[in-house]
Amino acid sequence: MVTAPGTSHQPVLVVDFGAQYAQLIARRVREANVYSEIVPHTISAAEVAAKNPAGIVLSGGPSSVYEEGSPSLDTGILALGVPVLGICYGFQVMATQLGGEVSQTGQREYGATPVTLKGNGGTLLAGQPIAQTTWMSHGDAVSKAPAGFEVLASSESTPVAAFANDERKLYGVQWHPEVKHSEFGQRVLENFLHTAAGIPGDWNPGNVIAEQVERIRSQIGTGKVICGLSGGVDSAVAAALVHAAVGDQLTCVFVDHGLLRKDERRQVEEDYVTATGIRLITIDAEQQFLDALEGVSDPEQKRKIIGREFIRTFEQAQAELVAESAADGDPIRFLVQGTLYPDVVESGGGTGTANIKSHHNVGGLPEDLQFELVEPLRTLFKDEVRAIGRQLGLPEVIVGRQPFPGPGLGIRIVGEVTKDRLDLLREADAIVRAELTMAGLDGDIWQCPVVLLADVRSVGVQGDGRTYGHPIVLRPVSSEDAMTADWTRVPYDVLARISNRITNEVKDVNRVVLDVTSKPPGTIEWE
Ligand code: XMP
């Protein structure tokens, strides 16, 4: 049987019609404990069959089926006998291919839209209220269901808002069940997956660990392997998985570039190592990075310097380890990377976006490294990685950690990076993190960069004296994937406490400001 790489579960394939929804659908399918994979809409029926899917979901997309060159689907796919759920654009593609009608009604439905179920809603909408709110985003509408299909729901301007053919196991909805604003969206997906397609919900972090451990063992055998730890979740979980598989064949390297947050090094060296028993080598490179960054204010230049120094440092450490291991006749051949599924999807299926910032992942290494890569998180989303980390017993300070950029605090100082400024920012950042956690806001906030405007000064008054200090910017954002974000509405009293503490406790800061920009147009980080 052909199965998804790295898992023994038959996948549900999410066919991507070019919107941002495919990743969200794939995640929601997994939230129903079913393994999912994203594939491009150009996939052929034969390629689909070769993946032996348990089900297929056709995503929404920004096009109209009427547009010339709009994304299409191999007609053989709907004839494979695999259960299919079409969503929005995918629903209309199904209707068109199966002999139904799609018309340009001229009546756009966008946002929260009431729909009414017909009868009991069939397998797909079973157990749901007759009247419910869904999230729609479409111009065209299915005006006539294909022959043999039952209409399950309608809205004011869409007569066929959902249809089904139980015998052929083909289903479709006009709305977006993957979006939380669709009241019973997850139920639609679950009904499709578990009832219509009969797929058991047995994919979970526990069996991901067991499968990955098996896979890593068979890849690495008795070989030696290294991993660069960044202090972040991904590399920490990737390393812990590899350690669970091959124990002391793994050595981790942690580069302290001096741009870390307060207490981070200790958490890695003590908490993480205690929890895992991993062999860790820390490289103290603070001075090297500070020297390289001296006099540099331009954000791109900073990023390049930090990236370059990181690679240099890691390569040196790795060369020493390789030499040491070669001396005992068993050179290191493998390198662990914490690549996640969204990175795989974006680099494989991307249409090429503008280079907004040269991103650098600590642990992101030059391409000419002579190692075979071990990437145990390649099929996983961030929240799944966290769940696995927890199951492996990693410390919550690491597993629950917000995303943190590879170049660290170096790109959160607007202006030149110096040791004094880093120390100051570390204090302010620690206060913000502590207060947000204490206020119970960690679940609402994707990340909260704290930025020091080192090149800006403003006048203040503290005690009896005039001050001429720097502002600190708070940038709390809510997001699903960091591609888009909104600023988090942190309660005023929490903001007040943070502001008071920072201006009282952090020397040279006399002003705290809040960034109220969404992304786009603002990026999450300031640099
Ligand atoms: P922006 O600022 O582009 O950030 O909206 C999107 C997400 O990426 C993180 N980020 C980085 N992560 N290396 C990383 O590993 C980087 O160079 C980098 N720059 C930004 C940022 O924190 C946010 O989560």
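Values computed for the structure shown
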read-out	value
Boolean, T116 is surrounded by fewer than 21 Cβ atoms within 10 Å (Cβ to Cβ), part of a strand (DSSP E or B) and at pLDDT 95 or above	yes
Residue check for I411: within 16 Å of the ligand (Cβ to nearest atom) and buried (at least 19 other Cβ atoms within 10 Å of the Cβ)	yes
Failed condition for I431, given (1) within 16 Å of the ligand (Cβ to nearest atom); (2) out of contact with any strand residue (DSSP E or B) (no Cβ under 8 Å at 6 or more places or on another chain)	(1)
Residues that are open to solvent by 20 Å² or more (accessible area, probe 1.4 Å) and free of Cβ contacts under 8 Å to residues at least 40 places away in the same chain, drawn from region 48-65	A49
Selected residue [open to solvent by 60 Å² or more (accessible area, probe 1.4 Å) and more than 16 Å from the ligand (Cβ to nearest atom)] from G469, G463, G440	G463
Search result, residues across region 491-527 that are assigned to a strand (DSSP E or B), more than 11 Å from the ligand (Cβ to nearest atom) and open to solvent by less than 80 Å² (accessible area, probe 1.4 Å)	V509, N510, V512, V513, L514
Test: residue in region 475-490 that is within 16 Å of the ligand (Cβ to nearest atom), without any contact (Cβ under 8 Å) to a residue 60 or more places away in the chain, within 23 Å of K302 (Cβ to Cβ) and not in a loop (DSSP other than H, G, I, E, B)	yes
Criterion: assigned to a strand (DSSP E or B) and without any contact (Cβ under 8 Å) to a residue 40 or more places away in the chain - qualifying residue of G106, G86, G139	G106
Top-ranked residue in region 5-20 [being farther than 14 Å from H176 by Cα, surrounded by fewer than 24 Cβ atoms within 10 Å (Cβ to Cβ) and not β-branched (V, I, T); ranked as modelled with the highest pLDDT]	Q10
Any hit, region 428-437, residues being open to solvent by less than 50 Å² (accessible area, probe 1.4 Å), over 20 Å from P205 (Cβ atoms), in a loop (DSSP other than H, G, I, E, B) and at pLDDT 95 or above	no
Which listed residue, of V417, V451, is open to solvent by less than 10 Å² (accessible area, probe 1.4 Å), within 16 Å of the ligand (Cβ to nearest atom) and in a loop (DSSP other than H, G, I, E, B)	V417
Tally of residues being closer than 24 Å to E384 by Cβ, touching a Lys or Arg at 6+ places or on another chain (Cβ under 6 Å) and surrounded by fewer than 23 Cβ atoms within 10 Å (Cβ to Cβ) across region 233-261	1
Every pair of residues 6+ apart whose Cβ atoms lie under 6 Å, when the first sits in region 241-257 and is charged (D, E, K, R) while the second is assigned to a helix (DSSP H, G or I)	D256/R265
Output for region 28-47, where each listed residue is open to solvent by 40 Å² or more (accessible area, probe 1.4 Å) and either in the same structural domain as L380 (by TED's automatic domain parsing) or touching a helix residue (DSSP H, G or I) at 6+ places or on another chain (Cβ under 8 Å) (or both)	E31, P40, A46
Filtered residue count, region 78-103, keeping only those that are of a type outside the set (S, T, N, Q) and surrounded by 24 or more Cβ atoms within 10 Å (Cβ to Cβ)	11
Residues satisfying the stated conditions in region 376-391, i.e. away from the ligand (no atom under 16 Å from the Cβ) and either buried (at least 20 other Cβ atoms within 10 Å of the Cβ) or over 20 Å from the mean Cα position of the chain (by Cα) (or both)	P376, T379, L380, E384, I388, G389
Failed condition for S230, given (1) closer than 15 Å to V273 by Cα; (2) open to solvent by less than 30 Å² (accessible area, probe 1.4 Å); (3) of a type outside the set (A, V, I, L, M)	(2)
Residues located in region 66-80, provided they are of a type in the set (A, V, I, L, M, F, W, C) and either in a loop (DSSP other than H, G, I, E, B) or free of Cβ contacts under 8 Å to residues at least 12 places away in the same chain (or both)	L73, L80
Cβ pairs under 7 Å, 6+ apart, first in region 507-522 and touching a residue at least 60 places away in the same chain (Cβ under 8 Å), second of a type in the set (S, T, Y) and more than 16 Å from the ligand (Cβ to nearest atom)	V509/T503
P129, sole failed condition from (1) in a strand (DSSP E or B); (2) open to solvent by 20 Å² or more (accessible area, probe 1.4 Å)	(1)
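Matching residues to (1) under 22 Å from V242 (Cα atoms); (2) part of a helix (DSSP H, G or I); (3) assigned by TED's automatic domain parsing to the domain that holds D420; (4) open to solvent by 10 Å² or more (accessible area, probe 1.4 Å):
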residue	(1), (2), (3), (4)
F289	no, yes, no, no
A292	no, yes, no, yes
K302	no, yes, no, no
I306	no, yes, no, no
F314	yes, yes, no, no
A319	yes, yes, no, yes
V322	yes, yes, no, yes
F334	yes, no, no, no
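The values are calculated or read from the model by the stated rules, or taken from the named source; none is laboratory data. Predicted model only: the values in this text are computed from it and were never measured. Because the Cβ atoms are built from the backbone with ideal geometry, glycine has one as well, and the counts that use them run over all protein chains shown. Note: areas computed on protein heavy atoms with side chains; ligands, DNA, RNA excluded. Shrake-Rupley method; radii C 1.70, N 1.55, O 1.52, S 1.80 Å.
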